[in-house]
1. Six or more apart or on different chains, Cβ atoms under 6 Å: show the pairs whose first residue is in the range 12-32 and under 16 Å from LEU116 (Cβ atoms) and whose second is of a type in the set (A, V, I, L, M).
2. Identify the single condition in (1) among the hydrophobic types (A, V, I, L, M, F, W, C); (2) open to solvent by less than 40 Å² (accessible area, probe 1.4 Å); (3) out of contact with any helix residue (DSSP H, G or I) (no Cβ under 8 Å at 6 or more places or on another chain); (4) at pLDDT 95 or above that MET38 does not satisfy, given that it satisfies every other one.
3. Give, as residue ranges, the helices (runs of 4 or more DSSP H) completely inside the range 60-145 that count at least 3 residues that are open to solvent by 50 Å² or more (accessible area, probe 1.4 Å) and more than 17 Å from PHE28 (Cβ to Cβ).
4. Just wondering, is there one or more residues in the range 26-33 that are open to solvent by less than 30 Å² (accessible area, probe 1.4 Å) and at pLDDT below 90?
5. For the range 46-53, state whether one or more residues are without any contact (Cβ under 8 Å) to a residue 12 or more places away in the chain, charged (D, E, K, R), out of contact with any strand residue (DSSP E or B) (no Cβ under 6 Å at 6 or more places or on another chain) and not in a loop (DSSP other than H, G, I, E, B).
6. Would you confirm whether or not the range 45-58 contains a residue that is touching a Ser or Thr at 6+ places or on another chain (Cβ under 6 Å), of a type in the set (D, E, K, R) and crowded, with 17+ Cβ neighbours inside 10 Å?
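The values are calculated or read from the model by the stated rules, or taken from the named source; none is laboratory data. The model shown is predicted, which means the values in this text are computed figures rather than measured ones. Cβ atoms come from the backbone with ideal geometry, glycine included; neighbour counts cover every protein chain shown. Heavy atoms of the whole protein, side chains included, go into the accessibility calculation; ligands, DNA and RNA do not. Shrake-Rupley method; radii C 1.70, N 1.55, O 1.52, S 1.80 Å.
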Amino acid sequence: MTLTAGGSRNAKGLPISSDGREWSHGLFDCFGDCSTCMMAWCCPCVVYAQTKRRLSYLQKHDKPDPEAVGGCCSGACWGYAALSTLLGLSCILQMNTRSTMRERYSVRGDGCGDCLTAFCCTSCGLTQEHREVLLEEESYPGYKV
């Protein structure tokens, strides 16, 4: 699947079967990107908000967000932090974003897997999602992190 604007939703060229493909990075490959993994562990709301913003921008504009690191003081960040701190339910937001990403990138899975990942492996899931969006962004000609 190649975007007309120059990006690839399968930047690693993974095989796609009738039920989709695997994530480009495994759930427990989070230490392949230690800085994001540590941020997801210490401040998951920031990683969630940045990934959500970048994914939304890709969906709307078919090009990477020029402010790729933005989003740490956004409504998504505060909403995630509030749901996490007050109710322990930030996994609901992450589950929704993960589902959107699976659909966009033709990744195998279902809502139950999204729920378990968001609830039990929050940091690893956030890192995996961040890396998937980053791969698409990096596939655009001239994109620099």
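1. Short answer, once both residue conditions are applied: TRP23/VAL107.
2. Checking MET38 against (1) among the hydrophobic types (A, V, I, L, M, F, W, C); (2) open to solvent by less than 40 Å² (accessible area, probe 1.4 Å); (3) out of contact with any helix residue (DSSP H, G or I) (no Cβ under 8 Å at 6 or more places or on another chain); (4) at pLDDT 95 or above, the one that fails is (2).
3. Where helices (runs of 4 or more DSSP H) fall fully within the range 60-145 and carry at least 3 residues being open to solvent by 50 Å² or more (accessible area, probe 1.4 Å) and more than 17 Å from PHE28 (Cβ to Cβ), they are 91-105.
4. Within the range 26-33, one or more residues are open to solvent by less than 30 Å² (accessible area, probe 1.4 Å) and at pLDDT below 90.
5. no
6. yes
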